[in-house]
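**Q** This is the structure I have questions about; it appears just below.
The values are calculated or read from the model by the stated rules, or taken from the named source; none is laboratory data. Only a predicted model underlies this, so the values are computations on that prediction, with no experimental measurement involved. Ideal geometry is used to build each Cβ from the backbone, glycine not excepted, and the neighbour counts take in all protein chains shown. Areas reflect the complete protein model, heavy atoms only, side chains present, ligands, DNA and RNA absent. Shrake-Rupley method; radii C 1.70, N 1.55, O 1.52, S 1.80 Å.
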Amino acid sequence: MPRPLFTLSPRLAACGAFVRTGSPLIDVGTDHAYLPIWLLRTGAVPRAVCCDINPGPLRSAEHHAREYHTEDRLRLVLSDGLAGLGPEDGDDIVIAGMGGELILRIVALAPWLKDPAKRLILQPMSAASELRAGLWELGFPIHTERAVEDHGKVYTVLCAQYAGPLPPVDPVYLEMGRLTPGEPAVHRYAVKTVRRLTDQLRGAEARGEDGSRLRQLIRQIVQQYAVD
C-alpha cells in the first residue's frame, strides 16, 4: 500500500489550488515532485510531467513517485525549463520556487505557451514586479493572484493565460498584480512592497533624481491596500 499522503507547504498548496481539475500538469523545476504527486494522489490531475535541469531532483522525484504509487502517471524529463517539452505534455504549467527573471526566461523561450488554453501558475521567490512586467509585454495578463505566508515570509502565486497584445500597463499592477485588498497575507505583501519602493525612492533622491513617479506609486499602493 502507498504511504499516507503528506501535507503540502503553504506555497505549494497555493500553487495546487490554481491547477484546474482534470488538466494534465507540467511541473518545471520540480522539488522532489511533491506537488504533482499530491495532485495525482488526490485525483486532481490525470497525469503529470516533472522536469528539471539537474538529474538530482529527478532521481528524488522518481523515488517519491514509486513510494506513493504514482510512477505510472508521472513522467520525468531532464530539461532546461520547457525546452524538452511541448503543448501535448500539459495544459497547466507550474513554475515555482525560482526568481521572477528566470521564470520569465522559461516562459519566453516556450512559444507554444501562447495559447489561451494553457494556464501558467507561477510562484516567484524574487523579482515579482519584473515578472509581471515581462508577462504583460509577452501578452500574458494575470487573471488571479494570491499572497501566501510560508516559513515567516510572504510570497505571491499568480495565474496568467495568453491574451495577445495588451494596452499600456498600470504601474500599481506591476507591483501588486491582481492581489485583492483585505485577503489573507495581502496587507503584509503590500507593506513589504511599500518598503522596497521607499528604499528605491531614497536612493533616487540621494542621487539627485526625480522621485515623483515613485512617490505617486507609493501613495497609490498605501491608499488601495490600507498600508499604515
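**Q** Pull out all pairs, ordered by first then second residue, where Cβ-Cβ is under 8 Å, the residues are six or more apart or on different chains, the first lies in segment 78-107 and is at positive phi, and the second is of a type outside the set (Ser, Thr, Tyr) and part of a helix (DSSP H, G or I).
**A** Pairs that qualify, where the first residue is at positive phi and the partner is of a type outside the set (Ser, Thr, Tyr) and part of a helix (DSSP H, G or I), are Gly81/Arg105; Gly81/Ile106; Gly97/Arg11.
**Q** Give segment 1-54 a look and list any residue that's open to solvent by 10 Å² or more (accessible area, probe 1.4 Å), in contact with a Leu (Cβ under 6 Å, 6 or more places away or on another chain) and more than 24 Å from Lys153 (Cβ to Cβ), or say none.
**A** Matches in segment 1-54: Arg41 only.
**Q** Leu197: within 18 Å of Ile93 (Cβ to Cβ) and touching a residue at least 12 places away in the same chain (Cβ under 8 Å), yes or no? Spell out how you get there, then give the answer.
**A** Details: within 18 Å of Ile93 (Cβ to Cβ): no; touching a residue at least 12 places away in the same chain (Cβ under 8 Å): yes.
Here the answer is no, as Leu197 does not meet what is asked.
**Q** If you don't mind, there's one more thing I want to ask. Output the residue which, of all residues in segment 105-118 that are of a type in the set (A, V, I, L, M) and open to solvent by 20 Å² or more (accessible area, probe 1.4 Å), is nearest to Val191 (Cα to Cα).
**A** Ala108
**Q** So, one more: Restricting the search to segment 126-153, which residues are touching a strand residue (DSSP E or B) at 6+ places or on another chain (Cβ under 6 Å) and hydrophobic (A, V, I, L, M, F, W, C)?
**A** Ala127, Ala128, Leu131, Leu135, Phe140, Ile142, Ala147, Val148
**Q** Something else about it: Looking at Ala83, Ala61, Ala44, which is the one that is among the small types (Gly, Ala, Ser) and either within 17 Å of Val19 (Cα to Cα) or touching an Asp or Glu at 6+ places or on another chain (Cβ under 6 Å) (or both)?
**A** Ala44
**Q** Go through segment 119-138 and report how many residues are surrounded by 15 or more Cβ atoms within 10 Å (Cβ to Cβ) and outside any strand (DSSP E or B).
**A** The qualifying residues number 11.
**Q** Moving on to the next point. What number of residues within segment 182-202 satisfy the criterion of being at pLDDT 95 or above, part of a loop (DSSP other than H, G, I, E, B) and surrounded by fewer than 13 Cβ atoms within 10 Å (Cβ to Cβ)?
**A** Number of matching residues: 0.
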